[in-house]
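**Q** If you scroll down you'll find the structure; I have some questions about it.
The values are calculated or read from the model by the stated rules, or taken from the named source; none is laboratory data. Small disclaimer: the values here were computed from a predicted structure and weren't measured. All Cβ positions, even for glycine, are placed from backbone atoms using ideal geometry, and neighbour counts span all protein chains on display. We work out accessible area using only protein heavy atoms, side chains counted, and drop any ligands, DNA or RNA first. Shrake-Rupley method; radii C 1.70, N 1.55, O 1.52, S 1.80 Å.
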Amino acid sequence: MASLGSDEWRAICDKFTNAQNLTDVESRNDPENDPFRSKYKARELLREIYCSLKNFEAGEGEEDGGAETSEQRAPEPPVDGQREDGFGEGFSGDSPAGLRAAKLGAVEYYLGVNHVDTEELSAGQEHLMNCMKQLGRCRVTSENVSLFIHVRNQLGILWAGRDETETAQGFLETAESIYQRYMKEDGSPPTDMTEYFTSEEKLLTHQERTKRFELAYTHTMYYLAQVYKNLGETERAATYCHTTLQRQLQLNQFSPMEWALNAATLSQYYITKGRYMEGRHCLSAATVISGLAGEVPSEAVAQESETESDRREQLRQKRAEIARCWIKYCLNLLQDSKKLLEDNIGELDTDRQEELKRARRQEEEDEEKGRKSALLFGSEDTFDSIASLEEKVCCLFPLDFTEARCVFLVGQNYVKQAKEYFQMDGYVTDHIEILQDHSALFRGLAFFEEDLERRCKMHKRRVDMLEPICNDLNAQYYLLIRRQLMFELAEIYNEMMDLKLTLANRQADTQSLDNHTIKKFNSLCSASAKYFQMFLDSLCSPEGKFPEHLEEEVLRPALVARFRVARLHSRLISSLPSTQLDNLNKSLENYKYVAEYCETHPEAAAAVETELELSKEMVGLLPLKINRIKAKMATNN
């Protein structure tokens, strides 16, 4: 287009450079009361460039004797722009007509982005579609492929922002297929859009062209990951997210903390799918890459600026969030291992344990093969650091106490890190969730502990952690959290009670339990019943009336709590017949409630099948036991 006249062409190039500077640099300093001032100035320059190009095109058409011939004329593209690709008919990208179309299309593209940035979405869409029409007259070549992909990326973002996910998907998948076919059939470093308006001495190097082109495709991958997530295609979304993160590292185009948080979030998907090797890799990479953001500035810095204060706060928060993802990794690994190893009463199945230990060698070989075939994160600078961190925590299911303890200690270390930021003062909900996870880590470890005394002490640690919080929380503002804590504390005390009884029975039969053991057993039994009853009381109206109809979210917990209260009262040990009678009557009352509620609400039965069956059985048996005690009391009187 140098035939436009070197002075005229230089003026166009200067206007384009100024428009880019206004958009990318000057706009950051625009005042709050005129936030788009620089963008509006850039828009005027882009319009002037467009008019100059159109005037030249019209003039050239007259010199050539009018409009294009039928041989030159390219077909109009579909209005929605979602053609299979741009490799069919049309002008060659390096022909004069093809280059004119690309340059006009590029100005339309930049005008489209400009309008979207200033929140004028309809006008933005119109300009982007005009760009598509210009490109629709051309075949994909190295001169225009970058613009083909960029405009579809922008339209994908635009439609996704309107919740038109499938329309966005069409544009982005087309961009993906254009990139893949271009790389297969050509692969040379393509012209960047900025080079349409750059003098020859300022053209980009092949290396810089490649980097910009690959970054555009990385954005396609990123936006497709979001689209697939919104369409519920989680596995596909995870694959695209993983690829995006790896490409960002390779191109060295990422913000360390944002990248790390995305990798940590991706780890949670892998964990839920039982893919612990990939989950561990994502978390190790997240930890290493977050370190590239630098040290957290000290609070002791005198006269710290607001920006520095915000940065310190963000670094601390995001690293604490990554620590929480590590906690979930360790917790899920322990819980999934427990599911593999427990028998039908929730105890460790030693035969299964030995069987899995024998299969461990094959698992380790499979893990090594998996690592070799997986898409691993890292560059030369970070790869070793990531691998080193991975070695500190296993990704295979722990099969005994020693292995489980290693996982537990890693999780506990991250609990400490997370709590340093998410403190009770200011982050009540987050702090309590971390405590609940810490409690669950102890529970996971306790499963592997063969020494019942030590197992009991682990559960006591859980009580010490949760009980003060539960009792101090404001019942009005934190009702749901308190309910969770009440239920968990009730279950912990119940577990401790069973352990104490098992220990006592190993030493002697129930008839000869000493007073100290009976007192301890009854204390644990009463504590469990107390917290289950507190949970049930929290469901009552302000007048203290228990609801006639239980909402779905509390249906099972409420009926289980009633069942457990019944069972606990029947297990309290007393030598006094009157106390025995009181306990059994309370027990019968709660068993009856479960049976009668399910009778009047048949849909509830499916939620508590086992508890309902036992409740019905006890409603039949307990009156006989109660009558025997009454008869005995009457005889003694």
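**Q** Can you find even one residue in region 251-268 that is hydroxyl-bearing (Ser, Thr, Tyr) and either in contact with a Cys (Cβ under 7 Å, 6 or more places away or on another chain) or surrounded by 18 or more Cβ atoms within 10 Å (Cβ to Cβ) (or both)? First the steps, then the outcome.
**A** Quick first cut of region 251-268, residues hydroxyl-bearing (Ser, Thr, Tyr) only: 255, 265, 267.
Pick out the ones that are also either in contact with a Cys (Cβ under 7 Å, 6 or more places away or on another chain) or surrounded by 18 or more Cβ atoms within 10 Å (Cβ to Cβ) (or both) and you get 267.
Yes: region 251-268 contains one or more residues that are hydroxyl-bearing (Ser, Thr, Tyr) and either in contact with a Cys (Cβ under 7 Å, 6 or more places away or on another chain) or surrounded by 18 or more Cβ atoms within 10 Å (Cβ to Cβ) (or both).
Residue by residue, here is whether (1) open to solvent by 80 Å² or more (accessible area, probe 1.4 Å); (2) at pLDDT below 90 holds:
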site: 374; (1), (2): no, yes
site: 381; (1), (2): yes, yes
site: 396; (1), (2): no, no
site: 400; (1), (2): no, no
site: 405; (1), (2): yes, no
site: 426; (1), (2): no, no
site: 439; (1), (2): no, no
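**Q** If you take just the helices (runs of 4 or more DSSP H) that sit entirely in region 541-637, which of them hold at least 2 residues that are within 23 Å of residue 531 (Cβ to Cβ) and basic (Lys, Arg)? First the steps, then the outcome.
**A** Values: elements: 552-571, 577-600, 609-636.
So the answer is 552-571, 577-600.
**Q** Considering only residues that are open to solvent by 10 Å² or more (accessible area, probe 1.4 Å) and either closer than 19 Å to residue 554 by Cβ or among the aliphatic types (A, V, I, L, M) (or both), which ones fall in region 458-474?
**A** 458, 465, 469, 473 - these are the residues of region 458-474 that are open to solvent by 10 Å² or more (accessible area, probe 1.4 Å) and either closer than 19 Å to residue 554 by Cβ or among the aliphatic types (A, V, I, L, M) (or both).
**Q** Moving on to the next point. Can you go through 187, 156 and tell me which one is part of a loop (DSSP other than H, G, I, E, B) and either surrounded by fewer than 19 Cβ atoms within 10 Å (Cβ to Cβ) or at pLDDT 95 or above (or both)?
**A** Step by step, each of 187, 156 is checked, and only 187 is part of a loop (DSSP other than H, G, I, E, B) and either surrounded by fewer than 19 Cβ atoms within 10 Å (Cβ to Cβ) or at pLDDT 95 or above (or both).
**Q** Can I ask one more? Condition first: small (Gly, Ala, Ser) and open to solvent by 40 Å² or more (accessible area, probe 1.4 Å). Now tell me which residues in region 574-595 satisfy that.
**A** As a first pass, look at region 574-595 and keep what is small (Gly, Ala, Ser): 574-575, 578, 587, 595.
Within region 574-595, 575, 578 qualify.
**Q** Only one residue in 571, 556 is of a type outside the set (Phe, Trp, Tyr), within 16 Å of residue 484 (Cα to Cα) and open to solvent by 50 Å² or more (accessible area, probe 1.4 Å), so which one is that?
**A** Details: 571 fails: within 16 Å of residue 484 (Cα to Cα).
Result: 556 is the single residue among 571, 556 that is of a type outside the set (Phe, Trp, Tyr), within 16 Å of residue 484 (Cα to Cα) and open to solvent by 50 Å² or more (accessible area, probe 1.4 Å).
**Q** Still on this structure, please answer the following. Residue by residue through region 315-349, note down the ones that are closer than 26 Å to residue 498 by Cα and either crowded, with 17+ Cβ neighbours inside 10 Å or of a type in the set (Gly, Ala, Ser) (or both). If you could, list the steps in order and put the result at the bottom.
**A** Let us first name the residues in region 315-349 that are closer than 26 Å to residue 498 by Cα, namely 331-349.
331, 332, 333, 334, 337, 338, 341, 346, 348 - these are the residues of region 315-349 that are closer than 26 Å to residue 498 by Cα and either crowded, with 17+ Cβ neighbours inside 10 Å or of a type in the set (Gly, Ala, Ser) (or both).
**Q** Check whether at least one residue in region 503-521 is crowded, with 20+ Cβ neighbours inside 10 Å and not aromatic (Phe, Trp, Tyr), and report yes or no. Give the derivation first.
**A** First pass over region 503-521, keeping only residues crowded, with 20+ Cβ neighbours inside 10 Å: 521.
Filter once more, keeping what is not aromatic (Phe, Trp, Tyr): none.
No; the residues of region 503-521 include none that is crowded, with 20+ Cβ neighbours inside 10 Å and not aromatic (Phe, Trp, Tyr).
**Q** On to the next question. If I go through region 192-219 residue by residue, how many of them are closer than 19 Å to residue 110 by Cβ, in contact (Cβ under 8 Å) with a residue 60 or more places away in the chain and touching a Lys or Arg at 6+ places or on another chain (Cβ under 8 Å)?
**A** Total meeting the criteria: 3.
**Q** Report whether or not residue 393 is touching a Phe, Trp or Tyr at 6+ places or on another chain (Cβ under 9 Å) and part of a helix (DSSP H, G or I).
**A** No.
**Q** Let me ask something additional. Which residue pairs have Cβ atoms under 7 Å apart, sit 6 or more places apart or on different chains, and have a first residue in region 247-258 that is within 15 Å of residue 286 (Cα to Cα) and a second that is of a type in the set (Phe, Trp, Tyr)?
**A** These pairs meet every condition: 248/254; 248/259; 249/377.
**Q** Could you say whether any residue in region 280-302 is open to solvent by 70 Å² or more (accessible area, probe 1.4 Å), under 18 Å from the mean Cα position of the chain (by Cα) and not aliphatic (A, V, I, L, M)?
**A** no
**Q** Separate question: So for region 145-158 (the condition being touching a Cys at 6+ places or on another chain (Cβ under 8 Å), on the phi < 0 side of the Ramachandran plot and of a type outside the set (Phe, Trp, Tyr)), does at least one residue qualify? Please lay out each step first, then the result.
**A** Kept after step one, since they are touching a Cys at 6+ places or on another chain (Cβ under 8 Å), are these residues of region 145-158: 147, 151.
Then drop every residue that is not on the phi < 0 side of the Ramachandran plot, which leaves 147, 151.
So of that shortlist, the ones also of a type outside the set (Phe, Trp, Tyr) come out as 147, 151.
So far as region 145-158 goes, yes, one or more of its residues are touching a Cys at 6+ places or on another chain (Cβ under 8 Å), on the phi < 0 side of the Ramachandran plot and of a type outside the set (Phe, Trp, Tyr).
**Q** If you don't mind, another one. Is it fair to say residue 203 is modelled with pLDDT under 95 and either hydrophobic (A, V, I, L, M, F, W, C) or under 23 Å from residue 230 (Cα atoms) (or both)?
**A** So residue 203 fits the description; yes.
**Q** Okay, next question. Which ones in region 236-288 are more than 26 Å from residue 369 (Cβ to Cβ), part of a helix (DSSP H, G or I) and not charged (D, E, K, R)?
**A** Step one: filter region 236-288 for residues more than 26 Å from residue 369 (Cβ to Cβ), giving 248, 251-262, 265.
With part of a helix (DSSP H, G or I) added as a condition, the list becomes 248, 251, 256-262, 265.
Matches in region 236-288: 248, 251, 256, 257, 259, 260, 261, 262, 265.
**Q** Please state which one of 312, 352 is more than 20 Å from residue 272 (Cα to Cα), modelled with pLDDT under 95 and either open to solvent by less than 60 Å² (accessible area, probe 1.4 Å) or in a strand (DSSP E or B) (or both).
**A** Numbers: 352 fails: either open to solvent by less than 60 Å² (accessible area, probe 1.4 Å) or in a strand (DSSP E or B) (or both).
The unique qualifying residue is 312.
**Q** Check whether at least one residue in region 475-493 is surrounded by fewer than 18 Cβ atoms within 10 Å (Cβ to Cβ), in contact with a helix residue (DSSP H, G or I) (Cβ under 9 Å, 6 or more places away or on another chain), at pLDDT 90 or above and outside any helix (DSSP H, G or I), and report yes or no.
**A** yes
**Q** Scan region 523-547 and report the pairs whose first residue is farther than 20 Å from residue 567 by Cα and whose second residue is of a type in the set (Gly, Ala, Ser), with Cβ atoms within less than 8 Å and a gap of 6+ or a chain change.
**A** Note: pairs meeting the criteria are 538/475; 539/558; 547/541.
**Q** Scanning region 94-153 for residues that are polar (S, T, N, Q) and assigned to a helix (DSSP H, G or I), which turns out surrounded by the most Cβ atoms within 10 Å (Cβ to Cβ)?
**A** Our first condition is that a residue be polar (S, T, N, Q); within region 94-153, this holds for 95, 114, 118, 122, 125, 130, 134, 141-142, 144, 146, 153.
This time we only want the ones that are assigned to a helix (DSSP H, G or I), so: 114, 122, 125, 130, 134, 146, 153.
Working: 114: 23, 122: 8, 125: 18, 130: 19, 134: 23, 146: 25, 153: 19.
Looking at residues that are polar (S, T, N, Q) and assigned to a helix (DSSP H, G or I), I get 146.
**Q** Of 617, 611, which residue is under 20 Å from residue 549 (Cβ atoms) and of a type in the set (D, E, K, R)? Quick ask: steps written out before the conclusion?
**A** Working: 617 fails: under 20 Å from residue 549 (Cβ atoms).
Result of the check over 617, 611: 611.
**Q** Has region 108-128 got at least one residue that is more than 38 Å from the chain's Cα centre (by Cα) and more than 20 Å from residue 30 (Cβ to Cβ)? Reasoning before the result, please.
**A** Going through region 108-128, the residues more than 38 Å from the chain's Cα centre (by Cα) turn out to be none.
No, region 108-128 contains no residue that is more than 38 Å from the chain's Cα centre (by Cα) and more than 20 Å from residue 30 (Cβ to Cβ).
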